[in-house]
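Chemist: Take this structure, written in structure tokens, and hold onto it; I'll ask about it next.
The values are calculated or read from the model by the stated rules, or taken from the named source; none is laboratory data. Please read these numbers as outputs of a predicted model, since none were measured by experiment. Neighbour counts run over all protein chains shown; Cβ positions are idealised from the backbone, glycine included.
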Amino acid sequence: METSMKKEDVRILAVETSCDETAAAVVQNGRQVLSNVIYSQIDLHTVYGGVVPEIASRKHIEKINQVIEKALSDAKTTLPEITAVAVTYGPGLVGALLVGVSAAKAIAFAADKPLVGVHHIEGHISANYIENPDLEPPFLCLVVSGGHSHLVIVEDYGTYRIIGRTRDDAAGEAFDKVARAIGLGYPGGPKIDRVSKEGNPDAIAFPRAKVGTEGSDYDFSFSGLKSAVLNYLNSCEMKGIEISRADVAASFQKAVTDVLVGHSMEAAERFGMKKFAIAGGVASNSALRAAFEEACGKRGISFYHPSPILCTDNAAMIGAAGYYEYIRGTRHGWDLNAVPSLKLGERA
């Protein structure tokens with residue numbers, strides 16, 4: 001790995017602990033990933049059917065120093081060569097966030113480096129910069145994960161306008177709940193994606209919610225779809241009808257995909273956007289990617305998406321976002337705290 005550094009290069013040490021991944025990375029000039037270390041806790045939480053915040057926090061404490069040390073080692077760099085330390089400070093699980101924020105503050109203080117707090121969703125959006133050197137704002141981005149469904153106009157680096165958001169369940173949350181209902185277990189997204197390949201996406205006519213009102217035309221709602229799936233399963237059980245998990249999964253996935261693609265393409269046309277990106281854990285879903293490839297291709301819109309490893313929580317994306325925050329002058333003090341409900345565009 002090439003790690004030569006010029007005097008004007010900006011090298012960010014990034015830390016991410018917003019949920020159940022303990023992650024650290026070294027990113028140079030916002031787009032060159034020198035290291036990206038992720039310790040996943042999925043196996044620990046699978047038995048509970050979802051993330052247990054207390055367990056996540058304890059495991060972060062146990063692993064954070066090891067992960068940071070490995071990120072520096074893999075990048076063949078040292079703390080004196082680091083320009084600044086970036087860290088996710090919200091949104092997320094408060095206990096998990098506190099571990100990362102505390103570690104980043106301690107390192108920045110000890111090494112006498114600037115501290116840059118990063119919004120988690122901004123990190124997901126910035127993951128697109130890493131593998132797409134031609135991508136520059138403005139563009140439209142759909143962020144879909146376990147906790148968020150946002151349709152965002154990226155007006156400039158660090159400047160965002162949210163034009164759509166979820167009214168209830170996020171897309172990833174709906175995937176997890178439906179997967180649990182049909183006996184696939186946790187995490188739901190990858191399992192539904194895999195099982196859906198064996199099913200008929202047109203087998204069951206699940207609803208597509210349209211909840212937008214004036215001023216929020218592109219909002220999402222997935223709770224009704226989730227309820228429709230549960231009602232279908234209960235009805236089949238009461239009537240003694242055999243349930244095809246693959247058909248249920250494929251039909252549910254198509255209903256989610258249709259809404260996400262429909263809202264996104266309507267917004268792209270309305271706002272004259274010729275560049276569109278996806279981000280977040282659900283952005284690694286193969287059916288969703290294929291649907292956007294087709295929809296964007298028909299409209300002459302350039303489609304961008306990160307590799308699956310950069311869709312799920314990682315620190316490389318925080319390093320990319322941290323770089324652009326750093327060069328625009330963002331600095332945080334030693335009083336930086338975790339903000340679990342931080343909104344995109346808010347500043348600490």
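Chemist: What's the number of the only condition in (1) of a type in the set (D, E, K, R); (2) closer than 15 Å to K177 by Cα; (3) assigned to a loop (DSSP other than H, G, I, E, B) that D193 fails to meet?
Modeler: Of everything listed in (1) of a type in the set (D, E, K, R); (2) closer than 15 Å to K177 by Cα; (3) assigned to a loop (DSSP other than H, G, I, E, B), D193 misses just condition (3).
Chemist: Taking into account only those residues within region 284-343 that are of a type in the set (V, I, T) and outside any helix (DSSP H, G or I), which is surrounded by the fewest Cβ atoms within 10 Å (Cβ to Cβ)? Show your work before the answer.
Modeler: Just the residues of region 284-343 that are of a type in the set (V, I, T), to begin with: 301, 309, 312, 318, 327, 330, 339.
Then drop every residue that is not outside any helix (DSSP H, G or I), which leaves 301, 312, 330, 339.
Values: I301: 20, T312: 26, T330: 20, V339: 18.
Result: V339.
Chemist: Related question: Please find, within region 62-71, the residue that is nearest to I107 (Cα to Cα) out of those that are surrounded by fewer than 17 Cβ atoms within 10 Å (Cβ to Cβ) and not polar (S, T, N, Q).
Modeler: Pass one, region 62-71, residues surrounded by fewer than 17 Cβ atoms within 10 Å (Cβ to Cβ): 62, 65-66, 69-70.
Checking the rest, the ones that are also not polar (S, T, N, Q) come to 62, 69-70.
Values: E62: 16, E69: 11, K70: 15 Å.
Residue satisfying both the conditions and the ranking: E69.
Chemist: Kindly check whether there is at least one residue in region 185-194 that is without any contact (Cβ under 8 Å) to a residue 40 or more places away in the chain and touching a Lys or Arg at 6+ places or on another chain (Cβ under 7 Å).
Modeler: yes
Chemist: Among residues belonging to region 90-130 that are of a type in the set (S, T, Y) and in contact with a helix residue (DSSP H, G or I) (Cβ under 8 Å, 6 or more places away or on another chain), point out the one that is surrounded by the most Cβ atoms within 10 Å (Cβ to Cβ). First the steps, then the outcome.
Modeler: To start, the set of residues in region 90-130 that are of a type in the set (S, T, Y) comprises 102, 126, 129.
Now drop any that are not in contact with a helix residue (DSSP H, G or I) (Cβ under 8 Å, 6 or more places away or on another chain), which leaves 126, 129.
Values: S126: 31, Y129: 24.
Out of the qualifying residues, it is S126.
Chemist: A further question follows. How many of the residues making up region 230-265 are among the charged types (D, E, K, R) and more than 32 Å from the chain's Cα centre (by Cα)?
Modeler: Taking region 230-265 first, the residues among the charged types (D, E, K, R) are 237, 239, 242, 245, 247, 254, 258.
Subsequent filtering for residues that are more than 32 Å from the chain's Cα centre (by Cα) retains 237, 239, 242.
Residues in region 230-265 being among the charged types (D, E, K, R) and more than 32 Å from the chain's Cα centre (by Cα): 3 in total.
Chemist: Which is of a type outside the set (A, V, I, L, M, F, W, C), more than 30 Å from L135 (Cα to Cα) and in contact with a Pro (Cβ under 9 Å, 6 or more places away or on another chain), of G281, G240, G224? Don't jump to the end; show me each part of the working.
Modeler: Details: G281 fails: more than 30 Å from L135 (Cα to Cα); G240 fails: in contact with a Pro (Cβ under 9 Å, 6 or more places away or on another chain).
Only one candidate qualifies: G224.
Chemist: Restricting to region 33-80, give me the number of residues that are touching a Leu at 6+ places or on another chain (Cβ under 9 Å), among the charged types (D, E, K, R) and outside any loop (DSSP other than H, G, I, E, B).
Modeler: Residues in region 33-80 being touching a Leu at 6+ places or on another chain (Cβ under 9 Å), among the charged types (D, E, K, R) and outside any loop (DSSP other than H, G, I, E, B): 2 in total.
Chemist: Further question: What number of residues in region 98-119 are within 26 Å of I55 (Cα to Cα) and in contact with a Gly (Cβ under 6 Å, 6 or more places away or on another chain)? Step through it out loud before you land on a result.
Modeler: Residues of region 98-119 that are within 26 Å of I55 (Cα to Cα), as a first pass: 98-107, 117-119.
Those left that are additionally in contact with a Gly (Cβ under 6 Å, 6 or more places away or on another chain): 118.
Of the residues in that region, 1 qualify.
Chemist: Can I ask one more? Report yes if some residue within region 240-249 is surrounded by 24 or more Cβ atoms within 10 Å (Cβ to Cβ) and assigned to a helix (DSSP H, G or I); otherwise report no. Can you show your working first?
Modeler: Of region 240-249, the ones surrounded by 24 or more Cβ atoms within 10 Å (Cβ to Cβ) are 248-249.
Still in the list and also assigned to a helix (DSSP H, G or I): 248-249.
Checked against the condition, which is being surrounded by 24 or more Cβ atoms within 10 Å (Cβ to Cβ) and assigned to a helix (DSSP H, G or I), region 240-249 yields at least one hit.
Chemist: On the given criteria, is E198 assigned to a loop (DSSP other than H, G, I, E, B), assigned by TED's automatic domain parsing to the domain that holds M273, exposed (fewer than 15 other Cβ atoms within 10 Å of the Cβ) and at pLDDT below 90?
Modeler: Details: assigned to a loop (DSSP other than H, G, I, E, B): yes; assigned by TED's automatic domain parsing to the domain that holds M273: yes; exposed (fewer than 15 other Cβ atoms within 10 Å of the Cβ): yes; at pLDDT below 90: no.
For E198, the condition - assigned to a loop (DSSP other than H, G, I, E, B), assigned by TED's automatic domain parsing to the domain that holds M273, exposed (fewer than 15 other Cβ atoms within 10 Å of the Cβ) and at pLDDT below 90 - is not met.
Chemist: Moving to a separate point now. Could you say whether any residue in region 26-39 is more than 28 Å from D134 (Cβ to Cβ) and surrounded by fewer than 20 Cβ atoms within 10 Å (Cβ to Cβ)?
Modeler: Yes: region 26-39 contains one or more residues that are more than 28 Å from D134 (Cβ to Cβ) and surrounded by fewer than 20 Cβ atoms within 10 Å (Cβ to Cβ).
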